[in-house]
Amino acid sequence: MNNEKSLKLIMSAALAAAKPKDKFKKVPTRPEGKLIVIGAGKAAASMAREFENNYEGPIEGLVITRYGHRTKTKFVKVIEAAHPEPDANGLLASKRIFDIATNSSEKDHVVFLISGGASSLLTLPLSGISFEEKQRINKELLISGAPIDEMNIVRRSLSQLKGGRLAKAIFPAQLTTYMISDIPGDDPAYIGSGPTIQANGSNQDSIAILENYKIAISDKIKKIIYKNTLPQLIKSPQYMLANPIMALKSAANVAEKEGYIPIILSDSLEGEAKIEGKKMAELAIKISNEKKYKNISLSKPILLLSGGETTVKVTGNGKGGRNTEFMLSMAITLDKAKNISALAVDTDGIDGIEDNAGAYISDETLKKAIFKKVNPQTYLNKNDSYSFFKKINDLIFTSPTLTNVNDFRAVLINP
């Protein structure tokens, strides 16, 4: 098996481990009232379907997922909406979920399904903040280069649902939360901005983040944010179905079978994509030159695995997500280095807003660029990594995977 096929086989194992299939080991007993399922995120529909397959008894409810991430469910209604920029469909579905929550009774049991993408999909701004204003703030955050935890702090400060406020609406009904984490560190309060999780901090944190990234808000909105205090919640059951480390460990198991030495660097790598891509290339070159990683000899191919979420600071007008930008930066830094190949993908199957999951590089990448007469640095400067990899035919397509544990990166260094 060649390097590209082998890396894609390992990638497939990571994606499979990130899915909710066979993960609902504990489900609630049948309540005296209704069992209601609500949820949001890129995995919301597949989570709802899997919950239905594991629960005996009548179910009703509604979940929101990204366009193209729908799957067939028996009882739970699925609404698709825009991500990463909220749209009217998301607003309408969020209002319906809020109504379902507030109308539940103490005899009911509400199951909440949360996964990456929920912060943009579950969008119900506070009274006094227009939907258009929330869209603007969200868009400016997305291009600012702010890490996901900071974006979610701001999002929850503008929301009627996030930061535990949905749990407050559900009370006194029973509540159980099932999660698929796309957050470095897997803190439940930051997954989808934690609609049913006790949050900590103050609203001053949100104001400070907006000021740091020079995102303007009016004095009126500042006052609304300050008044939107975080509620104190009664603790309810929470279950983690999948997270980045599960995907990385599954990938490592397959890598060993392929005859590689897998090394999990981190499940929570963050930073600007083009900077982190450069660092990863430099590490791979060092291992290749020294024939070892720390005290591990390069007697067999070494595979560096990492997860987490990098960011892109948008200064150009090109197309591409953080994984293609990471790969393009890495390819430029590798230059003429031999025996190093790599891939990076978003585990939801969509890198940014394009149709690809990510990209693949090898020591053929820059040779292909020369043949196609494309300058990789020019494409990187324009944030146009998608177009670069499309021209050399090294984009990776998986279609929507119906899950999301953020990015998956694999770097193969042959002896």
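Taken together, the values in this text are just the output of simple stated rules run on the coordinates, not laboratory data. Just so we're clear, the structure is a prediction, and the values are computed from it rather than from any experiment. Cβ atoms come from the backbone with ideal geometry, glycine included; neighbour counts cover every protein chain shown.
How long is the gain from residue 200 to residue 54 if the chain were fully straight, where each residue apart is worth 0.36 nm and the alpha carbon distance is subtracted? Numbers along the way, then the final one.
Working: separation 146, 0.36 × 146 = 52.56 nm, distance 3.32 nm.
Roughly 49.2 nm would be gained on extension.
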**OP:** Would you mind telling me which residue in 138, 317, 243 has the biggest mean-square fluctuation in a Gaussian network model of the chain, where springs connect alpha carbons within a distance under 10 angstrom?
**Re:** 317
Original post:
Taking a threshold of 21 Å on the Cα-Cα distance, which of the pairs 294/367; 72/134; 74/249; 313/382 fall above it?
Top reply: 294/367; 72/134; 74/249
Original post:
How do 71, 229, 311, 65 rank when sorted from fewest to most other Cβ atoms within 10 Å of their own Cβ?
Top reply: 229, 71, 311, 65
**OP:** State the percent of C-alpha pairs, over all pairs in the stretch 323-376, separated by a distance greater than 17 angstrom.
**Re:** 38
Original post:
Could you give P(r) for the stretch 321-415, binned at 5 Å from zero, as whole percent values over all Cα-Cα pairs?
Top reply: 3, 15, 27, 25, 17, 10, 3, 0
Original post:
Taking the DSSP beta bridges in the stretch 31-242 as the whole, what percent of them are antiparallel, to the nearest 5?
Top reply: 5
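Hey, can you rank 280-286, 294-300, 37-43 by average C-beta count inside 10 Å, highest first?
On the way: 280-286: 18.3, 294-300: 11.1, 37-43: 30.9.
So the peptides 280-286, 294-300, 37-43, ranked by packing, come out 37-43, 280-286, 294-300.
How high is the FRET efficiency between residue 131 and residue 238 when r is their beta carbon distance and R₀ equals 25 Å, given to the nearest 0.05? Numbers along the way, then the final one.
Details: r = 30 Å, r/R0 = 1.19.
After rounding, the FRET efficiency stands at 0.25.
Would you kindly calculate the mean projected area, averaged across all directions, of the convex hull enclosing the Cα atoms of the stretch 31-242, in square nanometres? Present the calculation step by step, with values, prior to reporting the outcome.
Values: hull surface 42.7 nm².
Its Cα hull, projected and averaged over all orientations, spans 10.7 nm².
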Subject >> Ranked by how many other beta carbons lie within 10 Å on average, peptides 107-117, 75-85 from highest >> reply: 107-117, 75-85
**OP:** Measure up 286/391; 278/338; 34/162 against 19 Å on the Cα-Cα distance and list the ones that go over.
**Re:** 286/391; 34/162
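By per-residue mean of other Cβ atoms within 10 Å, what is the highest-first order of 336-345, 361-370, 403-412?
On the way: 336-345: 20.4, 361-370: 18.5, 403-412: 27.0.
Going from most to least packed, we get 403-412, 336-345, 361-370.
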Original post:
Non-local amide H neighbours of residue 272 (under 5 Å, H modeled in plane, Pro and chain starts lacking H): which ones?
Top reply: 311
Original post:
With the dipole of the chain worked out from charges on the C-beta (+1 for Lys and Arg, -1 for Asp and Glu) around the Cα centre, which of 247, 342, 204 lies farthest toward the positive end?
Top reply: 342
Original post:
Pick from 237, 195, 376: which is most flexible by mean-square fluctuation in a GNM of the chain where alpha carbon atoms under 10 Å apart are linked?
Top reply: 237
Original post:
Which residue, chosen from 310, 229, 119, occupies the Cα position most advanced towards the positive end of the dipole of the chain, where the dipole is computed from +1 (Lys, Arg) and -1 (Asp, Glu) charges on Cβ about the Cα centre?
Top reply: 310
Subject >> Rounded to the nearest 20 debye, dipole of the chain from Cβ charges on Lys, Arg, Asp, Glu >> reply: 320
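If you filter the stretch 165-272 for chymotrypsin sites (Phe, Trp or Tyr not before Pro), then keep DSSP loop positions with at most 12 other Cβ within 10 Å, what is left?
Working: sites: 178, 190, 213, 226, 239, 260; in loops: 190, 213, 260.
Filter output for the stretch 165-272: empty list.
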Original post:
Given charges of +1 on the Cβ of Lys and Arg and -1 on the Cβ of Asp and Glu, with all other atoms neutral, how large is the dipole of the stretch 31-242 about its Cα centre, in debye to the nearest 20?
Top reply: 420
**OP:** Relative to the compact-globule scaling 2.2 N^0.38 Å, provide the ratio for the alpha-carbon radius of gyration of the chain.
**Re:** 1.00
Original post:
With each pseudo-label sitting 7 Å past Cα toward Cβ, what's the residue 374-residue 286 distance in nm, one decimal?
Top reply: 3.1
Subject >> Mean residue ellipticity (222 nm) of the chain, computed from DSSP H runs ≥ 4 via -39,500 (n - 2.57), nearest 500 >> reply: -11500 deg cm²/dmol
**OP:** Net charge near residue 112: determine it from the other residues with C-beta under 13 Å of the C-beta of residue 112, scoring Lys and Arg +1 and Asp and Glu -1.
**Re:** +2
**OP:** With everything on Cα atoms, drop me the angle between helix 322-334 and the longest principal axis of the chain, reported from 0 to 90° to the nearest 10.
**Re:** 20
Original post:
Which values, in whole Å and largest first, are the semi-axes of the equivalent ellipsoid of the stretch 154-261 obtained as the square root of 5 times each eigenvalue of the Cα gyration tensor?
Top reply: 34, 21, 8
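What is the extension gain from residue 363 to residue 214, computed as 0.36 nm multiplied by their sequence separation minus the C-alpha to C-alpha distance, in nm to one decimal? Mind showing how you got there, number by number?
Values: separation 149, 0.36 × 149 = 53.64 nm, distance 4.01 nm.
Extra length available between residue 363 and residue 214 comes to 49.6 nm.
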**OP:** Restricting to the chain, compute how many DSSP beta bridges are antiparallel as a %, nearest 5.
**Re:** 40
